[in-house]
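Beneath this line is the structure, given in structure tokens, with notes to follow.
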Amino acid sequence: MRNRPLSPATRVAQALRYLDPDTGAITPPIQPSATYARAPDYTLRDAYMYRRDSNETTDHAEAIIADLEGAADTMLFASGMSAANAVLDALPARAHVVAPDVMYHGILHRMQKLDALGRLGLSFYKTADLAAMQAAIRPGETALVWVETPNNPDWDVTDIKAAAAIVHDAGARLLTDCTGTPPCCTQALALGADISFHSATKYLNGHSDVTAGALSVRDTGDWWESVSDIRKLAGTVLHSFDAFLLIRGMRTLMLRVERATQNALALASHFEGHPLIERVLYPGLSSHPGHEIAKRQTGGLYGGMLSLITAGNERTAIDTARFCELFYPATSLGGVESLIEHRKTVSGEGFRVHPNLLRLSIGIEDADDLIADLEQALSRAAG
Ligand SMILES: *Cc1c(COP(=O)(O)O)cnc(C)c1O
């Protein structure tokens, strides 16, 4: 009947064309059972034995993400952090890991902890700087190179394709954290990443009511089996109820990301050159140093994450966040509602962040309402 492949937008909106053959239901069910009874001959009736291993609802959410990613397989975890930990736990003892110097603070903190315990060796490169990445890699010895693009909270852009060539030349694996631009924007695996990591808490779910982490891979194998074992034995599989919410959230992924991008572009353009703003960090702006790579890597869907460096001092920045009436003064990102945070307060000591940096997660509200709210907060903070 069809003579052309369906677009990802269509497939994700229909939850992979879900249809219950017995009832005609078009919404995938939630399977809450913790355990599964065996058949009279004592074999398993289906693929399932115990929910800590896997369950139907989580499997369905994984199939949707694998489809979006063009992945051989996807695994969902109870949070982005548990997914990141599974990757780090699956590394051989004292493996060498290369990571960006500015990245999601939780993962950076965890890597530093494992380094201090002697579980892994850690080297850093200046985020998005490929020459620095290459210099940090030890060919034949480095097991894993971590890329976060756009990175949090500066939104610098790393060229994934170029990074993959460098990493693979050295015999290492490339993991990308593209949480800020979900797989409908950035096809990390097609660009050469071996593992695509996403905090599904953010854009994939999109409604600030689930924590989840996704790992997707181009190739499965022994290594992937050991990640799966870690998920089982650490008990970090995504709960079926959260998987159901995630499936529902993902149905509107394309709409949400398109609208968030439009809003973020409007905001970034409005505040670029504003007298109370020193700098706007957003890859969608043509003045951004990573703009051309971002355009290529996201197809123009830059997402809704941007940061503002306010004029004045740290107090002015904190006051701006405090005085917003529409933006919620909360951490996290990728939800339908806009959030603002003074990043230095949230990430704490030990992380490199500009003291005047406000991280904004732009939602799907009316762009003019958001701009007006920031305008009033900025003038009030400037006194
Ligand atoms: C939130 C986030 C994580 C961690 O994910 P959780 O779901 O909060 O555990 C990792 N990387 C990035 C870029 C994030 O924004």
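The values are calculated or read from the model by the stated rules, or taken from the named source; none is laboratory data. The model shown is predicted, which means the values in this text are computed figures rather than measured ones. Backbone-built Cβ (ideal geometry, glycine too); neighbour counts: all protein chains shown.
The single condition from (1) at pLDDT 95 or above; (2) surrounded by fewer than 16 Cβ atoms within 10 Å (Cβ to Cβ); (3) not aliphatic (A, V, I, L, M) that GLY348 fails is (1).
Looking across region 279-293, the residues that are hydrophobic (A, V, I, L, M, F, W, C) and in contact with a Phe, Trp or Tyr (Cβ under 6 Å, 6 or more places away or on another chain) come down to VAL280, LEU281. Take ALA143 and decide whether it is buried (at least 20 other Cβ atoms within 10 Å of the Cβ), outside the structural domain of ALA260 (by TED's automatic domain parsing) and in contact with a strand residue (DSSP E or B) (Cβ under 9 Å, 6 or more places away or on another chain). Considered against the rule, which asks whether it is buried (at least 20 other Cβ atoms within 10 Å of the Cβ), outside the structural domain of ALA260 (by TED's automatic domain parsing) and in contact with a strand residue (DSSP E or B) (Cβ under 9 Å, 6 or more places away or on another chain), ALA143 comes out as no.
Taken together, the residues in region 179-204 that are more than 8 Å from the ligand (Cβ to nearest atom) and either touching a His at 6+ places or on another chain (Cβ under 6 Å) or assigned to a loop (DSSP other than H, G, I, E, B) (or both) amount to 16. In region 102-114, the condition of being among the charged types (D, E, K, R) and either buried (at least 16 other Cβ atoms within 10 Å of the Cβ) or closer than 28 Å to ALA78 by Cα (or both) is met by at least one residue.
Which residues, taken from region 369-378, are small (Gly, Ala, Ser) and under 15 Å from LEU358 (Cα atoms)? Of everything in region 369-378, just one residue is small (Gly, Ala, Ser) and under 15 Å from LEU358 (Cα atoms), namely ALA377. Of all the residues in region 205-232, those that are surrounded by 23 or more Cβ atoms within 10 Å (Cβ to Cβ), over 11 Å from ALA86 (Cα atoms), more than 10 Å from the ligand (Cβ to nearest atom) and not β-branched (Val, Ile, Thr) number 2. THR331 falls short on exactly one of the conditions (1) outside any loop (DSSP other than H, G, I, E, B); (2) of a type in the set (S, T, N, Q); (3) within 16 Å of the ligand (Cβ to nearest atom), and that condition is (1). Applying the criterion of being touching a Cys at 6+ places or on another chain (Cβ under 9 Å) and not aromatic (Phe, Trp, Tyr) to the residues of region 301-332, the residue that is surrounded by the most Cβ atoms within 10 Å (Cβ to Cβ) is GLY303. Being touching a residue at least 40 places away in the same chain (Cβ under 8 Å), surrounded by 21 or more Cβ atoms within 10 Å (Cβ to Cβ) and not aromatic (Phe, Trp, Tyr) holds for only one residue in GLN297, GLN262, and it is GLN297. For beta carbons closer than 6 Å, sequence separation of 6+ or different chains, a first residue in region 2-25 that is charged (D, E, K, R) and a second that is surrounded by 11 or more Cβ atoms within 10 Å (Cβ to Cβ), the qualifying pairs are ARG11/ASP67.
So which residues in region 205-226 are over 18 Å from ALA190 (Cβ atoms), in contact (Cβ under 8 Å) with a residue 60 or more places away in the chain and of a type in the set (A, V, I, L, M), if there are any at all? Selection gives ALA212 alone.
Out of the residues in region 40-65 that are part of a loop (DSSP other than H, G, I, E, B) and among the hydroxyl-bearing types (Ser, Thr, Tyr), which is surrounded by the most Cβ atoms within 10 Å (Cβ to Cβ)? Among those that are part of a loop (DSSP other than H, G, I, E, B) and among the hydroxyl-bearing types (Ser, Thr, Tyr), it is SER54.
Of the helices (runs of 4 or more DSSP H) lying entirely inside region 66-176, those carrying at least 3 residues that are within 16 Å of the ligand (Cβ to nearest atom) and free of Cβ contacts under 8 Å to residues at least 40 places away in the same chain are 105-116.
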